[in-house]
Amino acid sequence: AASPPRPVSIEELMETAKGVTNMVLAHEIVVNGDFQIKPAELPEHSLEKKVRDIVHKAFWDCLEAQLKEDPPTYDHAIKLLGEIKENLLSFLLPRHTRLRNQITEVLDLDLIKQEAENGALDISKLVEFVIGMMGTLCAPARDEEIKKLKDIHEIVPLFRAIFSVLDLMKMDMANFAVSSIRPKLMQQSAEYERKKFQEFLEKHPNSLDLVTKWLQEAADDLTKLRSKALPSHCSDDGATGGASALCSTAVQNQAYLKLLKWDHVNRPFPETVLMDQTRFQEIQLELEQLLMIGTVLLVTFSAAGSALVDMPGFAEKIKTIVKVLLTGMHLTSFNLKESLATIGEKVCAEVNSCLSQHGFTPFSVEKETVLKGQIQAVASPENTICKLIDSRIQKFLENYLASSHQKSLPAVPGGLGPIQRELEEIAVKYVRLVNYNKMVFSPYYDAILGKILAKEESQPVGKSEAS
């Protein structure tokens with residue numbers, strides 16, 4: 001999920017951290033590990049941008065005119081130094097006493113005004129101090145920008161560049177604040193969201209109907225899976241119903257896996273996860289594309305044999321080709337068969353080029369035809385290889401959900417090696433979303449599942465798993 005398009009101030013972040021006053025912002029920060037405050041950019045030809053550019057140009061032109069007077073007038077420059085001073089002070093922590101004293105002493109506006117009136121103001125020296133202090137306070141990633149400031153010798157362009165870098169430093173500070181408040185915000189936000197949902201539930205008692213159906217289906221799915229896995233010769237001694245082996249956590253995990261195969265067009269989303277429907281849908285689309293990429297890679301490597309498996313950069317080239325040609329695959333206007341035909345052509349060309357470069361025999365026409373046919377067959381929902389890759393992806397996500405309290409990711413099933421990095425990135429994002437949702441709504445899930453599992457236990461449908 002992308003960061004909010006609107007700018008978010010540090011003050012707003014702090015206010016959110018204190019009282020969760022903005023539930024949507026708090027929720028975004030908690031569930032989106034990539035959340036970043038970004039500079040607000042006005043549309044290129046918008047009226048707002050034109051007005052802003054005109055005002056800014058007028059200001060900088062006025063500053064330049066003042067500094068070219070004889071003697072120079074420093075009214076605008078002193079105002080800018082005052083703003084720079086406030087910016088620098090805002091970056092300090094309470095323990096930065098020495099730096100605070102330095103900034104206050106060197107950028108003493110009353111003293112600067114007196115020097116200007118007496119013709120003794122050395123503005124270059126003040127700007128040099130400012131750049132040095134910015135270098136001390138900025139993140140390492142901004143060192144290059146600070147270095148570029150030292151190469152600007154005209155005062156007006158230098159002032160403009162200083163304010164540009166200060167804006168970047170404010171962004172860095174805001175994003176540091178985000179990472180700092182996330183742990184505290186997670187618990188606070190979860191309690192707040194649960195409270196708000198409870199208030200809504202009291203007004204609308206049927207607001208858990210879809211959740212109940214969702215969890216019931218997940219319990220039924222697990223019961224069927226476990227019944228199929230039971231050996232037919234199990235004795236009745238000590239045996240219980242298949243559902244009794246289920247626990248609330250396992251059913252919840254199965255329910256969340258079902259969200260990755262959801263029919264968003266024809267079926268309402270469960271109430272508790274409604275705020276995150278777009279996020280789950282985005283993950284679902286990413287997995288569908290990754291499934292196609294993984295299948296194409298597997299059939300390609302199978303056709304090429306061991307020659308290309310360990311070839312540096314080959315898998316990445318194929319991934320890039322497939323990903324580009326599958327862009328927009330979820331749009332109704334997208335023609336999957338045509339795209340797969342193009343992918344087949346380009347993959348065969350890439351395979352032959354790579355084989356030739358490394359001294360191997362290129363594919364024959366017959367072998368190319370077979371590989372192209374295998375790639376085009378990926379369009380079928382019943383494709384055996386596609387179904388195999390899909391089941392392994394789902395198994396990996398299931399294992400990660402079950403062991404999400406552990407720091408390390410579970411092992412990636414065979415055949416998924418070429419897409420391991422992409423799969424793990426999606427898994428981390430998905431499990432963070434699931435775990436936060438569980439933190440908020442587990443009391444409701446446990447209460448519903450208590451009834452569902454008790455009912456299932458009273459109606460045995462299979463034998464328990466052998467212990």
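The values are calculated or read from the model by the stated rules, or taken from the named source; none is laboratory data. What you see is a predicted model, and the numbers here were worked out from it, not measured in a lab. Backbone-built Cβ (ideal geometry, glycine too); neighbour counts: all protein chains shown. We work out accessible area using only protein heavy atoms, side chains counted, and drop any ligands, DNA or RNA first. Shrake-Rupley method; radii C 1.70, N 1.55, O 1.52, S 1.80 Å.
In table form, for the structure just shown:
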| quantity | calculated |
| --- | --- |
| Residues of the range 310-339 classified as open to solvent by 50 Å² or more (accessible area, probe 1.4 Å) and over 16 Å from L371 (Cα atoms), total | 13 |
| Residue match in the range 143-155 (condition: in a helix (DSSP H, G or I), at pLDDT below 90 and closer than 22 Å to K79 by Cα) | yes |
| Condition met for L340 (in contact (Cβ under 8 Å) with a residue 24 or more places away in the chain, assigned by the TED database to the domain that holds W262 and among the aliphatic types (A, V, I, L, M)) | yes |
| Flag for L401 being crowded, with 17+ Cβ neighbours inside 10 Å and free of Cβ contacts under 8 Å to residues at least 60 places away in the same chain | no |
| Selection from the range 381-391 of residues that are modelled with pLDDT of 90 or more and open to solvent by 50 Å² or more (accessible area, probe 1.4 Å) | T384, I385, K387, L388, S391 |
| Some residue of the range 80-97 being assigned to a helix (DSSP H, G or I) and more than 40 Å from the chain's Cα centre (by Cα) | no |
| Among the candidates F200, F176, F163, F159, residue that is over 30 Å from N253 (Cα atoms) and either modelled with pLDDT under 85 or not in a helix (DSSP H, G or I) (or both) | F176 |
| The range 29-50 residues that are within 30 Å of I181 (Cβ to Cβ), paired with ones that are hydroxyl-bearing (S, T, Y) and modelled with pLDDT under 70 (beta carbon under 6 Å, 6 or more apart) | F35/S3; Q36/S3; K38/S3 |
| Subset of the range 427-441 (residues that are in contact (Cβ under 8 Å) with a residue 60 or more places away in the chain and either touching a strand residue (DSSP E or B) at 6+ places or on another chain (Cβ under 9 Å) or surrounded by fewer than 20 Cβ atoms within 10 Å (Cβ to Cβ) (or both)) | V428, K429, R432, Y436, K438, M439 |
| Test set (1) surrounded by 11 or more Cβ atoms within 10 Å (Cβ to Cβ); (2) hydrophobic (A, V, I, L, M, F, W, C); (3) modelled with pLDDT of 90 or more - V365 fails condition number | (1) |
| Boolean, T104 is within 39 Å of the chain's Cα centre (by Cα) and of a type in the set (S, T, Y) | no |
| Near pairs, Cβ below 6 angstrom, 6+ apart or cross-chain, from the range 363-381 (over 28 Å from S391 (Cβ atoms) and assigned by the TED database to the domain that holds L298) to any residue that is at pLDDT 90 or above and of a type in the set (A, V, I, L, M, F, W, C) | E368/C348 |
| Residues of the range 91-103 that turn out to be out of contact with any helix residue (DSSP H, G or I) (no Cβ under 8 Å at 6 or more places or on another chain) and at pLDDT 85 or above, as a count | 5 |
